[in-house]
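These notes concern the structure reproduced below.
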Amino acid sequence: MSESDSTYLALRDTCVRGELPDDLGSIASLLTPVKTLQILLVDLPETVSLRLCFEAAQSALKGSDAAESLPLPDAFAFPEAVVAKLVAEADSSLEEQVHRWHFDSSQDLYFQFVQARIFKTNYYLGVLPAPDEIEDLVVASEFSSKQLTDWWSLFYVPLANLAQYGDVPLLLDFVDYYSPTEQTELFIGLLDTSNHDRIVHWLCKYHTYLNDNGSTINNYILSLGNAIVTKSSVQIESKFEILTVLVKSSDLLAYLQASGALQKFVSIVLAIIYLCPEVSLSLYVKMKEILVCLKFVDAEYLAPNTDQNLTRKASLQEMADSIVPCPDTIKILTQYVETGERLFSNNMSLAQVAELPDLGPQDQYNQLEKFVLTESEYLTTAKQWESLLSSVYCLVNNTHVFNKVKLAQVDELVLSKLLSKNMFALTTSVFLPKYCTLETGQIDKILINTAWEFYRKATNCDPSMGHLKSARNCLQMASSGTLQLEQLITANQELLHWKLYFKPGVPIKPLDILEAKDPLKIVSRILELNDSAYKETELLDSLLLHLSTGLDSQDEMATVKLRLLCLDFAIAQDFGHSLQLALTLIDLAVDAKKKDPKLFGLIQERWFSIFQLVKNDYAEPQEHEQITQKLHLLQHLMLIVPTEFNTNVLEQWQLLNTILDQLVPETPPSGQAKIEKSNDLGKNIIGWIVGAQ
């Protein structure tokens, strides 16, 4: 039996029992270092510490000037031929097993042993020893090599540290069955807010070990981007969070820069931002974070600036291929993101925001209007409104997204909205002096139109509150053209003095006044509902004046018609007031008979109302005085009554005169004088009638 065969079997038997001979160097000189390391790898139990294994490996590699054999145990006392056959079979099995642990005898032996032994220990025990426990035997060993230190620092240490934060597959499975992208996903899957910097750091270390020029990272980013542009909003948020963490990592950017993969990475990231289909403020914040990080990448490592028109592509890959990863592109996308953030309420994706400059004027205006109307809906303070104004005019003046919308259109839109929300102080103190470019006439037109809108919405006639107050505020801001509505609002205020409604139980509204159109219709209703209103001549005159202007009524004889209406309501209950009013109207008609036949005719048509006053009986004054005043009125009435009705008036005069004769004593001279005076009056009336005929 040869010494090498017996030593081979003896060493294997010793290692299987977890023991090590004293002078492995001499044994390795006999068996060769390769064979010795293979036996140590395969036969030493997994429970033997890695430190002891590595120290034994180093002893074997050191060798010895004198080869020594190892005595064969009695259990192997076989014939030489049997031993040789046994050694051959055992060695064949040994070769198969070392390959399982990735031991390659043609490579650096110490590296191969360290790697294979760690693989085996991890496989059977499921643990990854802490790097600092054995680092001195790996990195500081005299047998250490660049291949070993690279594997140690770029492969084992990252994975051992990664295991602190979650489940890591067996190293052998990780190497044999995980694709580079899956390996990357393993790292990314353990990211959280407390560890992301370290995990990305270890990820970059591992990819440096892969030495794939950053292609795996970029492929992963492309896969992540495809998930973003095709998934629901909840998934997009989480995926975008991962993308943000990766882009913000200085380690990752440095790795990609060193690998020559940075430009492709930037193109993919910009394409993801451009094609992101969802809209949320948190997404826009993440986009801005990403773009800020890219903005500070050294331009030397990006593509040169070039004119580029970003257009949407069918796929993320095509979009990434079309984007030039230069500082100008980053700047353009930053503007789009800021614009999209401002236009968040319009629910537009970033691509839609980017396409706004290519839309027609009306479509652009519709989007701007939607933004203003939506954003202003819930604003309550002047500070919030100032912020909105700043956003609107920043979009219009500092970006090209609304390049076809005229500034005057924007001013009109904003002014109308400010007024509709009662932001009058802000309008005068901030909007008009700082933003508005409209001419005074244009501003007045909007103010007056808005005032009319407020008026139509008002639910009560009190200008000190509600929409009517808002209408008045608008008019106070205008420089001209406000008279009609001002007068109408004043009329509404005057109406508060009386009870007024057109339908029982339904309070009068300013719109009802406007729709009535006829001032006298309103006055007539006041007289119907308020018993003593006919006495309030000055108030009614003022109301009529304001209503006539406010309703644009051109009736020149409205005041006379008002007096006639008052007479109609006074006749039923108030002889004294009716008498004075009737005499006034008659005098007015007589004066106008030649100068203003139309006015004369208006009063003459109502002669019967005055005549009715004479026919009615009243409690006051006393009968004698009342009849005397009625006879006096008849004398005046004869001056305007139509000729065909003279007989009616004369008969009434005769009747009243007869009644008066009965009331006056016959003997007193004074009474006789009264009777003679009445007779004279009768003669005068008869003579006037004969003359008129």
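To the nearest 20 debye, what charge dipole does the chain have about its Cα centre, counting +1 at the Cβ of each Lys and Arg and -1 at the Cβ of each Asp and Glu?
It comes to approximately 3760 debye.
In degrees between 0 and 90, to the nearest 10, how far off the longest principal axis of the chain does helix 558-571 point, with axes built from Cα atoms?
Helix 558-571 sits roughly 70 degrees off the main axis of the chain.
Based on the Cβ-Cβ distance from Asp176 to Ala130, what FRET efficiency comes out when R0 is 30 Å, to the nearest 0.05?
For Asp176 and Ala130, the calculated efficiency is 0.80.
Set Lys and Arg Cβ to +1 and Asp and Glu Cβ to -1, take the dipole of the chain about its Cα centre, and tell me which of Val292, Leu543, Leu581 lies farthest positive.
Leu581
Sorted by packing (mean other beta-carbon atoms within 10 Å per residue), highest first, where do 34-43, 505-514 land? Please report the intermediate quantities before stating the final value.
On the way: 34-43: 23.5, 505-514: 16.5.
Highest-to-lowest ranking by the protection proxy: 34-43, 505-514.
Between region 372-446 and region 139-154, how many Å separate their Cα centres?
If you average the Cα positions of each part, the centres end up 68 Å apart.
Mind giving me the FRET efficiency for Ser542 and Lys594? R0 is 30 Å, r the Cβ-Cβ distance, nearest 0.05 is fine.
Details: r = 31 Å, r/R0 = 1.03.
Efficiency, from the Cβ-Cβ distance: 0.45.
Treat every Asp and Glu Cβ in region 278-334 as -1 and every Lys and Arg Cβ as +1, leave all other atoms uncharged, and give the resulting dipole magnitude about the Cα centre to the nearest 20 debye.
220
Could you name the lysines in cross-link range of Lys598, using Cα to Cα under 16 Å and dropping any fewer than eight places away on the same chain?
Leaving aside lysines fewer than 8 places away in the same chain, those within reach of Lys598 are Lys561.
For Lys593, which aspartates and glutamates qualify as cross-link partners when the Cα separation must be under 14 Å and same-chain residues fewer than eight apart are set aside?
Glu605
Say the cut-off is 23 Å between C-alpha atoms; which of Lys205/Lys264; Lys595/Lys630; Lys231/Lys370; Lys264/Lys331 go over it?
From Lys205/Lys264; Lys595/Lys630; Lys231/Lys370; Lys264/Lys331, over 23 Å: Lys595/Lys630; Lys231/Lys370.
Go ahead and estimate [θ] at 222 nm for the chain from helices alone: -39,500 (n - 2.57) per DSSP H run with n ≥ 4, summed, over the residue count, rounded to 500.
Using -39500 (n - 2.57) per qualifying helix, the result is -21500 deg cm²/dmol.
Below 8 Å between Cα atoms, with a sequence gap of 6+, how large is the relative contact order for region 355-500 in percent?
Over region 355-500, the number comes to 18 percent.
Helix 109-125 sits at what angle to the longest principal axis of the chain, using alpha carbons and giving 0 to 90 degrees rounded to 10?
Here the helix axis deviates by roughly 60 degrees.
Taking the Cα centre as origin and putting +1 on Lys and Arg beta-carbons and -1 on Asp and Glu beta-carbons, what dipole magnitude results for region 1-143, to the nearest 20 debye?
Charge dipole of region 1-143: 340 debye, to the nearest 20.
What is the angle, in °, between the Cα long axis of helix 407-420 and the longest principal axis of the Cα atoms in the chain? Nearest 10 is fine, range 0 to 90.
Value to nearest ten degrees: 70.
What order do you get for 560-571, 602-613 when each peptide is scored by the mean count of other beta carbon atoms within 10 Å, highest first?
In decreasing order of mean packing, 560-571, 602-613 become 560-571, 602-613.
Read-outs: derived from the displayed coordinates by stated rules, not from any lab. Being a predicted model, the structure only gives us computed values, none of them experimental. Note that we place each Cβ from the backbone using ideal geometry, even for glycine, and neighbour counts take in every protein chain shown.
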